[in-house]
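Report on one structure; see the data block that follows.
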Amino acid sequence: MSTDLAKGSFVVTALARWQHQIMEFIHEEYIAPLRAENAELRAKIQELQAHAD
């Protein structure tokens, strides 16, 4: 019953927006830089492997 009352409420909407903002922040501050660093390291590994062969 309490979940029926909460559906579509201002609180649920606000929490959903807040969660979305947190996920965007985490992506921008942590995930995206780690992916870029990972790509750089993979390129360096491939370069080193090419020189080793």
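The values are calculated or read from the model by the stated rules, or taken from the named source; none is laboratory data. What you are looking at is a predicted structure, and each value in this text was computed from that prediction instead of being measured. We work out accessible area using only protein heavy atoms, side chains counted, and drop any ligands, DNA or RNA first. Shrake-Rupley method; radii C 1.70, N 1.55, O 1.52, S 1.80 Å.
One table, with the values for the structure above:
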{"quantity": "Residue match in region 14-25 (condition: assigned to a helix (DSSP H, G or I), open to solvent by 70 Å² or more (accessible area, probe 1.4 Å), of a type in the set (Phe, Trp, Tyr) and modelled with pLDDT of 95 or more)", "calculated": "yes"}
{"quantity": "Hits in region 30-53 - residues which are open to solvent by 100 Å² or more (accessible area, probe 1.4 Å) and of a type in the set (D, E, K, R)", "calculated": "ARG35, GLU40, ARG42, LYS44, GLU47, ASP53"}
